[in-house]
Amino acid sequence: MPQNKNKSGIGASVIRKEDHRFLTGTGRFIDDIKFNSALECFIVRSPHAHARINSINTDTARNQPGIVAVFDGTDMEADSIDSMFSLWQITSKDGSPMAEPSRWALARETVRHVGEPVAIVIGETFNQAADAAELIEIDYTEYPAVTDSKKALDAEAPKLHCDAPGNICFEWERGDKSAVDQAIEKADKVIKIELTNNRLVGAAIETRGVVGSIDPISNTIVLHSTTQAPHHIRLCVAQQLGISENALRVISPDVGGGFGNKGKHYPEETIVAWAARKLDQTVKWICRREESFVSDTQGRDHQTRAELGIDGEGNFLGLRVHTIANIGAYVSTFGANIPSAIYSALLSGVYTTPAIHVEVIGAFTNTVPTDAYRGAGRPEACYVLERLADQAAFETGLDRVEIRLRNMITNDQMPYTTAIGPTYDSGNFPALLRHATKLAKYEDFDSRRVDTEKLGRLRGIGIATFVESSGIAPSRLAGALGARVATFEAAHIRVNEDGTILAMLGTHNHGQGHTTTFSQILSDRLGISLSNIEIVEGDTSKVPRGTGTFGSRSIAVGGSALHLAANKIIDKGVKIAAHLLEASTSDIHFTNGEYHVSGTDHKISFQEISKAANAPFALPTEIEPGLDENAFYDPSNFAFSNGTHVAEVEIDPETGFIKLLNYVAVDDIGTIINPMIVEGQIHGGLAQGIGQVLMENCSYDPKNGQLLSGSFLDYALPRADTIPEIISEFDQNYPCTHNPIGAKGVGESGAIGAPAAITGAVLDALKPLGVTDLQMPLTSEAVWRAISLHQ
Ligand code: MCN
């Protein structure tokens, strides 16, 4: 990968500025912050998946030592606290808006999933609150529950909400149905698959937490929350509490991993803000790990049927996809748009398929609401397409690389408008596929398979190609598809008199290294050293506007806003330099942190310009003092990151154990700001993709809706020894054409490619035994059973 000549600018593998704090134990995570006389909040959660609350008796609990208050849904109702609401409204194919049943921060009358908050106990200590909570008497009448999304659509299934007939949240469609019908009709062969995309939990090292306090001077609520999107939380909580956004400050300090799960508005944020205001005291809630399993939004959970019509040469003619997406008990913040608008947009993938139609039914079930989890709709789309491509190769006898190349959008077709909607602006998909298969020594694979078979084991290789809609905005498109909030990003730059810089962005850093990469962009533009740049994120009173970090958007959208704000500073500096150097503005040019007069050796540094702007004694009055600038950036399109991943596995047929031998990831993320960071992002995403395909599974008891995988004893996560050697390379020849830095996002790529590549490799290994299908997770048991059935 080319390294940057400017040692701290774009393209340099700078060591992360933030890591010194984290590695020396001086990070400030929410539970590290000392709040004077904070009261502890214990949340009593529903033990049932579906039940009516007949009564709640809190008298005994209220009278326990150290207990300050006990509240339930009736108290919130008495204070007119509004229902939670989603930030994206999907419209069904008949034109009706999605069903959005009320979701109360503390349940009223009915509970619909295990873990739903029912009451809170606020005590002087956590143990006092927890002990008192045991004395709350709640009388429930249990109702039958349904956890499987397909079963929830049965006529006789238990009904969750009276305003969601048939448990349907929405019935979405996209694409040209009749064109697909015709294409499949005339196809020589129709490839059919049925897939489950397994439900996952987020497992950030730090669990969620919220602390609410009252600032006595401004009489505002200060809400510390482990959120990826502080401005969204301000919007949602203020609206629910019926207060102005000015009356609420949201601070998200250092956060130990988010993975999408912390990007949502949660009941606990509303509960804690409300309780702090009601008691006029600081109220603190830190999620225990067992609570996070039943209260953090969960990811994926699709059941999909797909048909691909192909001609005699293996050309893709038409794709029909039908997916039932499990929404959970209520619609979470972005719970409806991920399985519909986001997922469906990528069902062309890297292919030229001329006719595509997708139908998605969002089904309510008695499970924790689902929402974004690293990849959010894109791993699901990639999985459908790549499983189809493999199956098409299998049924036609074509090589898996060959059938993909035959159907791939080529570089000279860019910009390319897909049959499902999006227009890709850049990328060379065939080049990535060729390079990745070369790195993976795909051509020689058969000889490695033979060697492994001699040892009594099975060996397989799998490929996944994908396109990802990173850089989530653009607002206008999102708005047309139902977004209720804009998705632009904002950057505000303060230039101090000494030329040092403070930049404030609406994104949030919870592991991605933003402090470093945003500083690199500024260092590159303004020619100043990284140590003179400070980055602030995660505080609505310091950062005036913002959207947050999710959808791998921070660099493509936030970084672009920063770049534009820096350009404004440079332009203003030109005027000041022209005046001080007694030259015309057209003769001034800015390079490497200095303003030069063309054709002379006259120059002035950025620091001198900063000083002159902030102490404008020598400037004419028409030059406004100061050098601070703001920029908003709302892209015209997504940034279409793309990649080819190749996985190789070995399977022990006696035990079904899968050993990942190696993994090649070739990604196009446009211009790279920091090669070391992006490689780390690929590794992290891969670990999560590998977890999904090999072991992770969030499982509910279908009889009663109890969560069976409610702790790390029952929910397996990958460990260091699961992760193979990773070869990660990038193609920087195809920058994003519509943002000013050319960057595409990287944060989710690993999680998108891995499930399809590894499933492909496992099925390739099992092919000689006649196993042609397996559902994730591909545990040793699942593989062993499949092998046993075919022996
Ligand atoms: N980057 C770069 N050059 C590019 C693209 C990105 O140098 N062409 C750098 C960025 O500057 C940033 C990092 O790579 O430092 C990731 O950038 P980006 O792809 O814009 O993603 P975001 O910063 O918006 O992060 C969100 C993304 C998502 S959606 C999830 S989920 C996720 C992820 O990033 N969760 C993470 N990575 C994570 N990493 C950690 N450690 N923890 C999480 O919770």
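The values are calculated or read from the model by the stated rules, or taken from the named source; none is laboratory data. This one's a predicted model, so the numbers in the text were calculated from it and none came from an experiment. In this analysis, Cβ positions are derived from the backbone assuming ideal geometry, glycine residues included, and neighbour counts consider all displayed protein chains. Keep in mind that these areas ignore ligands, DNA and RNA; they rest on the heavy atoms of the full protein, side chains included. Shrake-Rupley method; radii C 1.70, N 1.55, O 1.52, S 1.80 Å.
Numbers below:
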| quantity | calculated |
| --- | --- |
| Integer Hz, Karplus 6.51/-1.76/1.60 couplings in order for segment 688-697, x for Gly and Pro | 6, x, 5, x, 4, 6, 9, 8, 6, 6 |
| Debye log10 I(q)/I(0) at q = 0.25 Å⁻¹ for segment 269-340, Cα point scatterers | -1.11 |
| Relative contact order (%) - criterion: Cα under 8 Å, at least six apart; region: segment 153-274 | 23 |
| P(r) histogram, all alpha-carbon pairs of segment 439-573 included - 5 Å bins from 0, percent | 2, 9, 16, 16, 12, 9, 6, 6, 6, 6, 6, 4, 2, 1, 0 |
| Contour excess over end-to-end distance, with Cα ends at residue 218 and residue 311 and 0.36 nm allotted per residue | 26.5 nm |
| GluC sites (Glu not before Pro) restricted to segment 629-706 and DSSP loop, no more than 13 other C-beta within 10 Å | 654 |
| Percent accessible area from carbon and sulfur atoms, the chain, protein chains only, probe 1.4 Å | 49 |
| Cα-based Rg of segment 499-627 normalised by 2.2 N^0.38 Å, two decimals | 1.15 |
| More than 22 Å apart - percent of Cα-Cα pairs taken over segment 647-723 | 44 |
| Subset of 262/284; 189/454; 17/568; 264/284; 278/542; 542/603 violating a 28 Å alpha-carbon distance limit | 189/454; 542/603 |
| Coil-residue GluC sites (Glu not before Pro) of segment 551-622, DSSP, other Cβ within 10 Å capped at 14 | 582, 622 |
| Sorted peptide list for 165-176, 211-222, 133-144, criterion being average Cβ within 10 angstrom, highest first | 165-176, 211-222, 133-144 |
| Equivalent ellipsoid dimensions for segment 194-344 as semi-axes, Å, which come from the Cα gyration tensor, largest first | 40, 16, 12 |
| Segment 684-783: mean projected area of Cα convex hull, nm² | 10.1 |
| Pairwise label distance in nanometres, residue 767 with residue 717, each label 7 Å out on the Cα-Cβ vector | 3.6 |
| Accessible-area order (highest first, 1.4 angstrom probe) of the listed residues 334, 259, 632 | 632, 259, 334 |
| Amide proton proximity set for residue 220, modelled H, under 5 Å, gap of 5+ | 215 |
| In Hz, Karplus ³J(HN,Hα) per residue of segment 130-136 (6.51, -1.76, 1.60; θ = phi - 60°; x = Gly, Pro) | 5, 5, 5, 4, 5, 8, 6 |
| Distance (nanometres) between label positions extended 7 Å along Cα→Cβ at residue 31 and residue 108 | 3.4 |
| Test item: Cα-centred dipole of the chain, Lys/Arg +1 and Asp/Glu -1 on Cβ, debye | 480 |
| Fully extended contour minus Cα-Cα distance, from residue 125 to residue 605, at 0.36 nm per residue | 167.1 nm |
| Cα pair distances of the chain binned at 20 Å [whole percent] | 16, 47, 31, 7, 0 |
| Positive-end residue, segment 506-654 charge dipole about Cα centroid, Cβ charges, pick of 615, 645, 549 | 615 |
| Tail weight of P(r) past 16 Å, computed on alpha-carbon pairs of segment 225-281, percent | 41 |
| Residue 483 long-range amide H proximity, modeled H, under 5 Å | 89 |
| For segment 353-477, accessible area per residue (1.4 Å probe, heavy atoms of protein chains only), Å² | 32 |
| Rg over Rh [alpha-carbon atoms, Kirkwood Rh] for segment 124-266 | 1.12 |
| Relative counts (whole %) of C-alpha pair distances in segment 601-736, using bins that are 5 Å wide | 2, 7, 11, 11, 10, 9, 9, 9, 8, 6, 5, 4, 4, 3, 2, 1, 0 |
| Translational diffusion coefficient (Stokes-Einstein; Kirkwood radius from C-alpha pairs) of segment 61-214 at 10 °C, 1.306 mPa s, in µm²/s | 78 |
| Length released on extending from residue 455 to residue 636, taking residue separation times 0.36 nm less the Cα-Cα span | 59.7 nm |
| Protection proxy ranking of 197-205, 560-568 - average other beta-carbon atoms within 10 Å, highest first | 560-568, 197-205 |
| Surface per residue (accessible, 1.4 Å probe) for segment 577-687, Å² | 42 |
| Sequence of 723, 361 from largest to smallest accessible area, 1.4 Å probe | 723, 361 |
| Label-point separation, residue 617 to residue 15 (7 Å along Cα→Cβ), nm | 4.2 |
| Over the chain, relative contact order from alpha-carbon pairs under 8 Å, at least 6 apart, % | 15 |
| Per-residue ³J(HN,Hα) for segment 155-160, Karplus 6.51 cos²θ - 1.76 cosθ + 1.60, θ = phi - 60°, Hz, x for Gly and Pro | 4, 8, 5, x, 9, 7 |
| Unit charges at the beta carbon, dipole of segment 159-211: most positive-side option, 193, 210, 178 | 210 |
| Heavy-atom surface of segment 214-259, accessible at 1.4 Å and reported per residue (Å²) | 33 |
